[in-house]
Structures are given as structure tokens and as C-alpha cells.
DNA sequence: AGCTTTACAGATCATGTGATCAATAAGATT
DNA sequence: AATCTTATTGATCACATGATCTGTAAAGCT
């Protein structure tokens, strides 16, 4: 009879019995769900709610992460890591390709990576919380993307308007704001983000009189 | 002797005795400090910490606001209200003034209003929390600012590029991102925001071939 | 000065929350 | 099948947190 009960419990969705997973696997499972969870409810989300989503006990979380902050650190890393391909700096400075093509390629790929609900919200939450990873990421972005981009622009600028770092920020901000509208403010966005992105890039190039094939 | 103790306590900064304030005044005092407080630590800030800042007991807060959510509502209203001057719609559509001058005037004033730590952060926190006021504000912005702006732009556009709402969003996002960098990401911003703002506007006009005096 | 009103403080409740630990059972090994 | 290892649970602790309630004293009035 107890066997019958056990079987019925096994068919019950998820609530059945404890399932043992290899530590590595369970750890990943926790992190993956934690990303979705904290991205939705914010960094002050409760560990009990996260555990409920995972279908495990709250105490299990503390078997894999000493503190909640440690778990959040893992979430940050999971989200931040690999968000910036290492080959972009060279591709952005490859002068055998027109600057416009380089900018288009970069922002098409980059936007595809960051216009994602989890990333956008975790980034904003951690930014508001003053997380260190946030500052480091932006510093990194400035070093490997914006600085080279400014140099490339300056070397091609035809108009009398001198490109500054603020121009790069304006280009970047205008594009990123598409994602902010969608995932932070939860507003409808453009059907094809590629279009406004391309337009933003063309507007940028036009300001400095840089032709499309330069 | 007890009198002496009383006197020494009175000289103690703030921790002395209870000070009776008129309810209206106290309520305003609470709201004002709550704005600063929640803008800094987030909407999950604790009522006890807020009370400590005010130099009153935590229970007093609940004498003025039935729940913490009520207090937050008051904070929202305080921050959101009056952020959009009512006369902007007409000023933006006053065709006796060049569009460039109108845009400059608007964004100079608007940026002065919103590039403020409290507003920026409360807006972002409430946006992430999905607050209704947030959506209403953005809807309002679209109705009374963006829509007219699009019409004005379309009526003056000379180039073959057709202005869309996404172009307005790009102009707006690029400018607002200056404030996001400063107050959300806590990065250094431009010394004079007027300069990059003006440049963003000129870039926008240039895309549609609109001369400065049109 | 004495009285009344009520803004305020202090204690307290009920629940929430991060974290701990001994007991248990799932799955591998023999 | 019996045994061992350890991933997982359930109970629990200590403290935090929103909210309540009663008593107190500060200001206004007579």
C-alpha cells in the first residue's frame, strides 16, 4: 500500500519525492532559475520563493551557497559573463571594412545579446544597488568598444563637427534605450530593432559626414 | 537635578524630546525624507531606517500612512507630480519659432527637471516594480510630447528619410541616457549636459534635412 | 494654573526571512 | 540484496519587519 502511495506521489508533478542531482548540475539549475527569479522580482526576492520555483527546500540553497549574497554573486557572473565577445575590439577596428558595416554588425549582434529580459533587468537592478560588477562592465565597455570606436570615427570624420566620447554615449544610449523601454518599462518596442538601430547609426555617421562606404 | 538632566538632553542633537508638529507639516516632512530615502536604498527600504533618519519612531509613520504601500504611493505622487509642465505641448507646436529652438528649449528645461538623482532612481525603481504611475507617465509623455514632435518633424522633413516614432524615441533615449549614466550607474557625466543635448538635437534635425532656422 | 486634545513614543504582536543542523533516503558500489 | 556516501529534507533558531495599541506629554484654550 505504501508502494501505491509512493507511485501516486511519483506521478504528481514535481511535488513527489526528493530527486538527487549531481552537485554541479543542481548548482547550475539553481543559478539558472535564480537568474530568472531575481530578474523578475528584484534582488530582494526571498529565498523561499526561489526554492518553491525550483521545487526544492529553501535550506538546500544554503547547501550550495553560503549566503544569499553568494548566490547573487553567482547570478551576476552567470549574466555578465560572456556578454561581450572578445573579438569585437579587432572587428571594430578592421579598416578593410567600412565603418558603417562594422557598426551595423556590432550593434546587431550586441543588441541581440542584451535585448533580453533577464540581462536588462539584472543589469538595472545591480546598477541601482551599486554592484561592483556593473561598474567594471561599463568600464570594460568603454575601454574595448567606445574608445576604439571614437578613434575610428575621428579618423574618418569629414564635417567640422568634432566627435567626442559623448557622441558615442549618445549613439549607444539611443540604441540601448530600445531595450530599456521594452524590458524595464515593459512597453511595446519596434517589431524589428534592426531598423531603428541602423537608422541611429546612419544618423551618427551623417553628423560627421562619414559616407556609408568609408 | 532632574532639571539639569532634562536640559542636557535638550541640547543633545535631535535625540532630546518629542517635538509636536502640525499633521500637515509632519506628513510633508515624512514624504520629503521618504523620497530621498527610497531613492537611495530602493523601495524595499525598511520603515525603521526611514524613521531613524527622520528622528521619529517607526510607529509614527503608521499614524500618517496606513501601510507602507500607502507611503510609497505618496512618494510616487510627490516625485511624479509637476514633472511635466502643462505648457510644453503648445510651445513645442508653436511654428513661429524654429523647430530647433523649440527642441532646445524643451530638452534644456526637461533635462534640468529629470536629471536629478531622486527622480531618476525612483522612476527606475518604480518602473522595475511595474508601478502603474510609471506606465501612465510614459503614455502621457507620448501623447503630449512625442506625438506633436513627430508631426512637427514630419511637416519640416526635407530628406527622403521618413520620420517615425522610433526616431523620437531614439532622440529622447539618447538624451535621457545621460541621466541614467549619472544617477543609475553612478558614472561621471558631461560637465555641461546642454552641449551633448544640443548635439543630439542637431543630429536629429540633420537626419531629416531640417535647417536650424526652419 | 488647570484642563483638554492629540501628536508622539515605547512596548509588543504576528509573521517573514536568512541561516543552521540533525535526520533521512536516493543512488552508486560492493 | 546489503552497505555506504551524501544530496536533500524538515524542524528550528535568531533576528528583522510591518503593523497595532496603550500610555504620555506637548501645545492650545479657558
What average count of beta carbons from other chains do you get within 10 Å of the Cβ of residues in B:165-171?
6
Using a 10 Å cut-off around each Cβ of peptide A:124-131, what is the average number of partner chain Cβ atoms that fall inside?
5
Normalised radius of gyration for chain A, please: alpha carbon Rg relative to 2.2 N^0.38 Å, two decimal places.
1.34
Acute angle (nearest 10 degrees) that the helix A:2-11 long axis makes with the longest principal axis of chain A, alpha-carbon atoms
20
Pick from A:18, A:147, A:100: which is most flexible by mean-square fluctuation in a GNM of chain A where alpha carbon atoms under 10 Å apart are linked?
A:18
If the label point sits 7 Å along Cα→Cβ of residue A:192, residues of segment B:161-194 with amide N under 20 Å come out as B:161-170
nm² value of the averaged projected area, convex hull over the Cα atoms of segment A:88-207:
7.5
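Given a Förster radius of 25 Å and the C-beta distance between residue A:117 and residue A:62 as r, what FRET efficiency does 1/(1 + (r/R0)^6) yield to the nearest 0.05?
0.35
Would you list A:118, B:135 from fewest to most Cβ contacts within 10 Å? It would help to have the intermediate numbers written out before the result.
Details: A:118 18, B:135 15.
Result, fewest neighbours first: B:135, A:118.
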Go ahead and set up a Gaussian network model of chain B, Cα springs under 10 Å, then flag whichever of B:131, B:66, B:39 fluctuates most.
B:66
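Which value in deg cm²/dmol, rounded to the nearest 500, describes the helix-derived mean residue ellipticity at 222 nm for chain B, given -39,500 (n - 2.57) per DSSP H run of n ≥ 4 and division by the residue count?
Working: 12 runs with 139 residues, N = 214.
Calculated mean residue ellipticity at 222 nm is -20000 deg cm²/dmol.
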Provide Rg and Dmax in Å for segment A:57-100, with only Cα atoms included in the calculation.
19.1, 57
Checked segment A:120-171 against the a/c 1.5 cut and the a/b vs b/c comparison, axes a ≥ b ≥ c from its Cα gyration tensor; verdict prolate
On C-alpha positions alone, give me the angle between the axis of helix A:117-128 and the longest principal axis of chain A, in degrees, nearest 10.
80
Springs between alpha-carbon atoms under 10 Å, Gaussian network over chain B: tell me which of B:148, B:22, B:89 tops the mean-square fluctuations.
B:22
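Let me know the mean shielding of A:194-207 by other chains, meaning the per-residue number of their Cβ atoms within 10 Å of its Cβ.
Details: counts 0, 2, 7, 2, 0, 7, 8, 0, 2, 11, 3, 0, 6, 7.
Other-chain Cβ atoms within 10 Å of each residue's Cβ, averaged: 4.
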Given a Förster distance of 22 Å, report the FRET efficiency between residue A:78 and residue A:164 from their Cβ-Cβ distance, rounded to the nearest 0.05.
0.05
Mind listing the label-point distances from residue B:132 to the same position on all other copies, shortest first, one decimal in nm, points 7 Å along Cα→Cβ?
4.2
Label-point separation (nm) for residue B:154 and residue A:86, each offset 7 Å from Cα along Cα-to-Cβ?
5.0
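I need the semi-axes of the equivalent ellipsoid of the protein assembly as shown: take the C-alpha gyration tensor, multiply each eigenvalue by 5, square-root it, list largest first in whole angstrom.
Rounded to whole Å, the semi-axes are 42, 35, 20.
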Give the value in nm², to one decimal: projected area of the alpha carbon convex hull of segment B:20-80, averaged over all directions.
3.7
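What percent does the relative contact order of chain B come to when contacts are Cα pairs within less than 8 Å and at least six residues apart? Could the numbers behind the result be given before it?
On the way: 172 pairs, mean separation 44.3, N = 214.
The value is 21 percent.
Since every read-out is calculated from the coordinates, none of them should be taken as a lab result. Every value quoted in this text rests on a predicted model; they were computed, and no experiment measured them. So basically every Cβ, Gly included, is an ideal-geometry build from the backbone, and we count neighbours across all protein chains shown.
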